[in-house]
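Take a look at the structure below.
What follows is calculated from the coordinates using simple rules that are stated; it is not laboratory data. None of these values were measured; they are calculated from a predicted model. Counting neighbours? That spans all protein chains shown, and the Cβs are built from the backbone with ideal geometry, glycine included.
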Amino acid sequence: MKSCWVIYNGSLISDKFADQARLVAEAAERAGVRAEVRKNYEVMMDLQRGIGSKPSFVVFLDKDILLATWLKASGIPVFNDPEVIETCDNKAKQYIRLAAEGIPMPRTVIAPKVYPAFSIAETGYFERVLADFGLPMIIKEGHGSFGAKVYLIETEEAFFEKVESLRGVDFVFQEFIASSRGRDIRVNTVGGRIVAAMYRHSETDFRANITNGGVAEPIELTENQQHLALEAARAVGAEFAGVDLLFGQDGPLVCEVNAAAHIRNIYNVTGINVADAMIEYILEKLP
Ligand SMILES: Nc1ncnc2c1ncn2[C@@H]1O[C@H](COP(=O)(O)OP(=O)(O)OP(=O)(O)O)[C@@H](O)[C@H]1O
Ligand SMILES: [Mg+2]
């Protein structure tokens, strides 16, 4: 009998993460796999003693990239691959990949690294970015979820305040796609196939995330949207992906690709349990 671990981050107190792990573990059990939900710190990364008894595979729902890397190095198949998790975990890094693959996305400039004790405020760099993008624009931190680190910058004062406060942090400047204000599409893909999609919209915020007050409904994707979602997942190498699409003037644009997309909301909205598709995909792939 096959066995698996479903790993999530135990330092996060919100039940969302444990719930997501349970959804995947239940899907594994339904498919006849013995499943164990584990918090990341419940797997001791003891490099000398090793891992002990190994599961047949791991579904990794966390961003503890070191743990994912170590599990893979110990010979366990890890989904998504740790490198994919790492690419997607940093929005700047994933935009480099998406752009290199020619994926349509909002115009993006990656901010240079600035050491926290220093500043490039006097160099004219930020003035150049401001003149180039104009306002409003988006500033987005490399690491952030649920829309928490995505900012709509509407004044010069807010712009300079924000870039100063982000010294030492990875972030990007991005064109604000006004035609998509408060609206996006979440597409869950598994192994090069679209499994579920929902349209999210908010009347109160420029971000469509449900956590920010957005509401969601099922959506029939256009061919363009389907193609772009699959291309984006492929570009970052994600076997499982939650791709966010924006409504551009001339067609869909990729907002971001999530490697460990939450699946509860899309389940509630569409009745589709993405976890079943994930487990089915893994079982087909494994020897
Ligand atoms: N360039 C943009 N133009 C218009 N709206 C944007 C843009 N970038 C992001 N948004 C809006 O902000 C929301 C959050 O942005 P994004 O998906 O990049 O980060 P996140 O939601 O924090 O990440 P996660 O999906 O991992 O929680 C998007 O769903 C979208 O509604
Ligand atoms: Mg998002």
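Select from the range 217-254 the residues that are under 14 Å from Gly102 (Cα atoms) and within 11 Å of ligand 1 (Cβ to nearest atom) and write down the one among them that is surrounded by the most Cβ atoms within 10 Å (Cβ to Cβ).
My answer is Val254.
Quick check on Phe133: is it without any contact (Cβ under 8 Å) to a residue 60 or more places away in the chain, within 12 Å of ligand 1 (Cβ to nearest atom), out of contact with any His (no Cβ under 8 Å at 6 or more places or on another chain) and of a type outside the set (Asp, Glu)?
Working: without any contact (Cβ under 8 Å) to a residue 60 or more places away in the chain: yes; within 12 Å of ligand 1 (Cβ to nearest atom): yes; out of contact with any His (no Cβ under 8 Å at 6 or more places or on another chain): yes; of a type outside the set (Asp, Glu): yes.
For Phe133, the condition - without any contact (Cβ under 8 Å) to a residue 60 or more places away in the chain, within 12 Å of ligand 1 (Cβ to nearest atom), out of contact with any His (no Cβ under 8 Å at 6 or more places or on another chain) and of a type outside the set (Asp, Glu) - is met.
I'd like the residue in the range 33-67 that is touching a residue at least 60 places away in the same chain (Cβ under 8 Å) and over 15 Å from Ile279 (Cβ atoms) and, out of all such residues, is farthest from the chain's Cα centre (by Cα).
Here the residue is Leu67.
Quickly run through the range 227-274 and pick out the residues that are without any contact (Cβ under 8 Å) to a residue 12 or more places away in the chain and within 20 Å of Gln20 (Cβ to Cβ).
Within the range 227-274, Asn268, Gly271 qualify.
If you go through the range 149-181 one residue at a time, how many are touching a residue at least 60 places away in the same chain (Cβ under 8 Å) and more than 17 Å from Lys93 (Cβ to Cβ)?
5
Take the residues of the range 99-126 that are in contact (Cβ under 8 Å) with a residue 12 or more places away in the chain and of a type in the set (D, E, K, R): which is nearest to Gln174 (Cα to Cα)?
It comes out as Arg107.
Identify, by number, the condition in (1) more than 8 Å from ligand 1 (Cβ to nearest atom); (2) small (Gly, Ala, Ser); (3) under 25 Å from Leu130 (Cα atoms) that Ala178 doesn't meet.
Ala178 satisfies all of (1) more than 8 Å from ligand 1 (Cβ to nearest atom); (2) small (Gly, Ala, Ser); (3) under 25 Å from Leu130 (Cα atoms) except (1).
Kindly provide the set of residues from the range 182-204 that are away from ligand 2 (no atom under 15 Å from the Cβ) and either more than 25 Å from Ala235 (Cβ to Cβ) or surrounded by fewer than 20 Cβ atoms within 10 Å (Cβ to Cβ) (or both), ordered by number.
Start the filter on the range 182-204 by keeping residues that are away from ligand 2 (no atom under 15 Å from the Cβ), which leaves 190-196, 203-204.
Scanning the range 182-204 gives Gly191, Gly192, Arg193, Ile194, Glu203, Thr204.
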